[in-house]
Amino acid sequence: MSKYDLNDSKVNQPARWNEVDHYINSLLIPNDKDLEAALEANAAAGLPSHDVTPNQGKFLQLLLKIQGASRVLEIGTLGAYSTIWMARALPDHGRIVSLESEPKHAEIAQANLTRAGLMHKVDLRVGPALTSLPDIKEEYPEPFDLIFIDADKPSNPDYLRWALRLTRPGSLIIGDNIVRDGEVIHSDSEDARVQGVRTFLECIGNHPHLEATALQTVGSKGYDGFVIARVTDTPATK
């Protein structure tokens with residue numbers, strides 16, 4: 001048996017995940033002072049350490065570039081670490097609308113985006129996303145090319161319904177943190193976040209105008225995963 005076999009009980013899996021993330025990032029993700037400063041500012045302000053990892057941020061950035069996205073909606077800003085990654089992928093005329101419910105988080109996010117020189121590409125809204133989304137639909141009549149859902153998990157089904165109103169055939173909808181250390185398989189879970197994710201995934205899987213897959217991930221943020229869905233046609237309920 002290889003000493004790297006994950007079935008080997010001698011392997012500390014979370015430690016190995018961290019080592020592999022570090023190895024991958026050292027090869028593929030250059031050091032970046034603005035991104036590092038954002039993480040430091042978030043930690044200093046006591047924000048939850050829920051940011052995507054550097055390789056996940058780069059993954060989002062590449063998806064935007066592959067998609068040719070110029071209009072992006074992010075539900076859940078936190079300290080804008082993922083926002084920076086995505087805003088950098090946008091063309092000069094591009095725009096990312098980012099929704100954050102907590103004023104303190106939004107204040108840190110704005111400072112991070114200003115330091116990175118990206119506020120001209122970001123429309124940062126403060127308040128509950130489900131309150132902001134009707135305004136977004138009125139103010140942004142053109143559909144979004146990509147929507148990244150990374151906020152409170154019990155509201156994920158509602159965010160999906162809004163995402164379908166705000167997209168077009170070919171748009172991508174990405175949901176983060178959908179595995180939850182494997183708890184997602186438990187239909188009897190009393191965790192509202194788990195039940196929110198389960199309903200979210202079921203809605204995606206049952207929707208006639210979405211094609212989707214989900215991937216499990218391991219790394220420096222532990223065991224989790226994401227779902228990526230593509231709008232195949234315009235839902236009649238839009």
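Just a few scattered comments:
- Top of Ile149, Ile96, Ile24 by mean-square fluctuation, Gaussian network on the chain, Cα under 10 Å: Ile24
- Selection among Cys203, His105, Leu73 by position relative to the dipole of the chain gives Leu73 as farthest towards the positive end (Cβ unit charges, Cα centre).
- Most fluctuating residue given options Leu27, Leu35, Leu118, as computed from a GNM of the chain linking Cα atoms under 10 Å: Leu27
- Expected 222 nm ellipticity per residue - DSSP helices of 4 or more, -39500 (n - 2.57), all of the chain, to 500: -13000 deg cm²/dmol
- D_trans [Stokes-Einstein, Kirkwood Rh over alpha-carbon pairs] for the chain, 20 °C, 1.002 mPa s, µm² s⁻¹: 116
- Build a GNM of the chain with springs between Cα atoms under 10 Å apart, and of Thr199, Thr83, Thr213 the one that fluctuates most is Thr213.
- Only Lys, Arg (+1) and Asp, Glu (-1) charged, at Cβ; the chain dipole about Cα centre in debye: 480
- With a 1.4 Å probe rolled over the protein heavy atoms of all chains, the accessible area of Ser171, Ser49 falls in the order Ser49, Ser171, largest first.
- Ordered from highest to lowest accessible area with the whole protein assembly present and a 1.4 Å probe, Tyr159, Tyr140 read as Tyr140, Tyr159.
The values are calculated or read from the model by the stated rules, or taken from the named source; none is laboratory data. Keep in mind that this is a model prediction, so the values were computed, not measured. In this analysis, Cβ positions are derived from the backbone assuming ideal geometry, glycine residues included, and neighbour counts consider all displayed protein chains. Ligands, DNA and RNA are excluded from the accessible area calculation, which covers all protein heavy atoms including side chains. Shrake-Rupley method; radii C 1.70, N 1.55, O 1.52, S 1.80 Å.
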